[in-house]
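Colleague: Structure in structure tokens, see below.
Read-outs: derived from the displayed coordinates by stated rules, not from any lab. In this text the structure is predicted, and so the values were computed from the model without any measurement. Neighbour counts run over all protein chains shown; Cβ positions are idealised from the backbone, glycine included.
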Amino acid sequence: MRLFSAILASSLFLVLSTSAQQGSMDNVWSLERCVQYAIDHNISIKQDSLNARLARYTLKQSQLSQLPTLSANGSYGKSFGRSINPTTNQFVDAGYNFVSTSGNGNLLLFGWMQVRNTIEKNRYSLEAYLADLDQLKDDVSLNVANSFLTTLLAQEQINISKNQVELSKAQLAQTRAFTDAGRLPELNVAQLESQLATDSSNLINSIANYNSAVLDLKSLLNLDFAVPFSIKIPEVEVGDQVMVSNVQPEEVYQKARAHFGSVKGSQLRVTAAEKGLAATKGNLYPQFSLGYQVGSNWASNYQSVSGFRTDTGTTNVVTTSSGIIALPTTLPEITYTPILKNIPLGTQLNNNLRQTVFLNVNIPILNGWQSQFAVRQAKINLESQRLNEYNAELTLKQNVYKAHNNALNSIQKYYAAKRADEAAKRALDFATKRYDLGLTSTVDLLVTQNSAFTAAANLALSKYDLIFKLKVIDYYLGKELKL
């Protein structure tokens, strides 16, 4: 009795705590809310979103590569010893300071569509990443729906176990009254006490399974485990959804093929590989570009003559005539000394400005067969992407036909479980009435009661299994997953 009381008290505590947790409407989660939260917070979706952003940047960079390339260079230094002056191109022995500036520009005129094909390749690659992201969102939504229905089933099992405990408690109280009146032996009370202990244990297991299912769902949502959480029980009529199974699997496949992210992504990657092959082949042909260069320089020892300074003096001149030595004569002498000044920085840069415009032709002749092998690798990549496309379509078709067959089987299982549950309920009703009249034993009553419990559990299992299988069909049809 102590063990029975402990089990019953534990089950009552868990039931009360579960009910209290479900009391706040702010913590009630519907399937639609779970799906949206998972899409917004799922780590895998965030990672794929980053991959899509990187692909978008790659496309933008390839588009901007069509613009001309421009560069500018500048240097300042000091020369020591004997060197060539960069301005006068003459040897100088003294040190000097210098400044050198230059600029370059290049515009690709024709490159056999290499740049355009690269842009198209990156564009299709971006669309493929976006298709993968959509596919991942759909997959996460389906996984959330599966986990949500599993949690619903666990909660349904709690209700079934609670009803079973209440039924066993009522039968135990009635049996004790019959035993006190002398109608039944004490053995019947012991049997019902054992059944009540078993039912209480089943209730505890059902609650534990529910808590485990909630943790799994929170993990899938990337939701903090400490956040209070309860699911909104939808009003689902299985009969309203069974009509989906009337759709032929080939029709489901064709609709799924038109919107499924995995198929669209593989098709886009085939197109991207084709553009990549075309861009790689462009490296085998000459390229024409227009170039432009500009430059200038300055030197600190570059000077110009601004005038002359005159100096007046005398000199002695000895003249001779006919071999006769004459006396020295004094004559005046004028000396002209140039006046030098440094040429300013701006003037030198302007005077030394040089510009060049040229047409450049780059003809690939031999580069270690890199371009040829790049083309071969691009061809292999294209064949690989085509195989991936075929595999994606084949896998989708197999999954659609399998899901359609599973849905049909689940319908049959559900209706069979429903008939079994109705029959078990009628049998339990008859057995209870016969037990009240003393026409059947406690063992027979417990066997019938356990059969009814099993039938109810199987009905709940088959119901939610059928709902999930039908949601898988909706998933392939591209419908919103909701209850």
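Colleague: Count charges around T440 for me, please; just the other residues with Cβ under 14 Å from its Cβ, Lys/Arg as +1, Asp/Glu as -1. Mind dumping the intermediate values first?
Modeller: On the way: positive: R183, K433, R434; negative: D429, D436, D444.
Taking every Cβ under 14 Å from that of T440, the sum is 0.
Colleague: Taking amide H positions as placed in the peptide plane 1.01 Å from N, state which residues far from N301 in sequence (5 or more) or on other chains have amide H under 5 Å from it.
Modeller: For N301, the qualifying residues are N97.
Colleague: Here is a follow-up. Rounded, prolate or oblate, given the Cα gyration tensor of region 220-303, with a/c below 1.5 counting as rounded?
Modeller: Details: a/c = 6.95, a/b = 2.10, b/c = 3.31.
In terms of gyration-tensor shape, oblate.
Colleague: Work out from phi, with θ = phi - 60° and the Karplus expression 6.51 cos²θ - 1.76 cosθ + 1.60, the ³J(HN,Hα) of each residue of region 134-147, listed in order in whole Hz, and give x for Gly and Pro.
Modeller: Per residue, the Karplus-derived 3J(HN,Hα) values read 4, 5, 5, 4, 5, 5, 5, 4, 5, 5, 5, 4, 4, 5 Hz.
Colleague: Mind pulling the angle between the C-alpha long axis of helix 261-281 and the longest principal axis of the chain? Nearest 10 degrees, somewhere in 0 to 90.
Modeller: 20
Colleague: Would you mind checking region 454-483 for residues with the amide N under 20 Å from a putative spin-label position 7 Å along Cα→C-beta of Q248?
Modeller: 473-474, 476-478
Colleague: Also: From the residues L192, Q114, S161, which one has its Cα farthest along the dipole of region 71-195 in the positive direction, the dipole being from +1 and -1 charges on Cβ of Lys/Arg and Asp/Glu about the Cα centre?
Modeller: Among L192, Q114, S161, the one farthest towards the positive end of the dipole of region 71-195 is Q114.
Colleague: Could you sort the peptides 188-197, 101-110, 65-74 by per-residue average Cβ neighbour count (10 Å cutoff), highest mean leading?
Modeller: Numbers: 188-197: 18.2, 101-110: 14.7, 65-74: 10.5.
Per-residue mean Cβ counts within 10 Å order the peptides as 188-197, 101-110, 65-74.
Colleague: Would you mind giving the average projected area, over all directions, of the Cα convex hull of region 24-126 in nm² with one decimal?
Modeller: Values: hull surface 59.5 nm².
Over every viewing direction, the Cα hull of region 24-126 projects on average to 14.9 nm².
Colleague: Further question on the same structure: Give the long-range amide H neighbours of L184: residues separated by 5 or more places, or on another chain, with amide H under 5 Å away, using H modelled in the peptide plane at 1.01 Å from N.
Modeller: Answer set, sorted by chain and number: T179.
Colleague: With contacts defined as alpha carbon pairs under 8 Å and 6 or more residues apart, what's the relative contact order of the chain in percent? Walk me through the numbers on the way to the answer.
Modeller: On the way: 647 pairs, mean separation 107.5, N = 483.
Relative contact order comes out at 22 percent.
Colleague: How large are Rg and Dmax for the chain when only the alpha carbon atoms are used, in Å?
Modeller: Every Cα atom of the chain included, Rg and Dmax give 46.7, 184 Å.
Colleague: State to the nearest 20 debye the size of the charge dipole of the chain about its Cα centre, where the only charges are +1 on K and R beta carbons and -1 on D and E beta carbons.
Modeller: That gives a dipole near 1160 debye.
Colleague: Do the sum for the chain: with -39,500 (n - 2.57) for every DSSP H run of n ≥ 4, divided by all residues, what is the mean residue ellipticity at 222 nm, to the nearest 500 deg cm²/dmol?
Modeller: Values: 10 runs with 298 residues, N = 483.
It lands at -22500 deg cm²/dmol.
Colleague: Can you give the angle from 0 to 90° between the axis of helix 370-436 and the longest principal axis of the chain, with both taken from C-alpha atoms, to the nearest 10?
Modeller: Helix 370-436 sits at roughly 20 degrees to that axis.
Colleague: W29's amide H: which non-local residues (gap 5+, or another chain) put their own amide H closer than 5 Å, with H modeled 1.01 Å from N in plane and none for Pro or chain starts?
Modeller: For W29, the qualifying residues are S230, I231, K232.
Colleague: How many angstrom lie between the C-alpha centres of region 252-275 and region 375-414?
Modeller: Spelled out, the Cα-based centre of one part sits 11 Å from the other.
Colleague: By per-residue mean of other Cβ atoms within 10 Å, what is the highest-first order of 178-187, 119-128? Working shown, then result.
Modeller: Numbers: 178-187: 12.3, 119-128: 21.8.
For the peptides 178-187, 119-128, the packing ranking is 119-128, 178-187.
Colleague: Against the longest alpha carbon principal axis of the chain, how many degrees, from 0 to 90 and to the nearest 10, is the axis of helix 43-64 turned?
Modeller: With both axes taken from Cα atoms, the answer is about 30 degrees.
Colleague: Continuing with the same structure: Among V361, G182, A374, flag the residue with its Cα farthest along the positive direction of the charge dipole of the chain, charges on Cβ as +1 for Lys/Arg and -1 for Asp/Glu.
Modeller: V361
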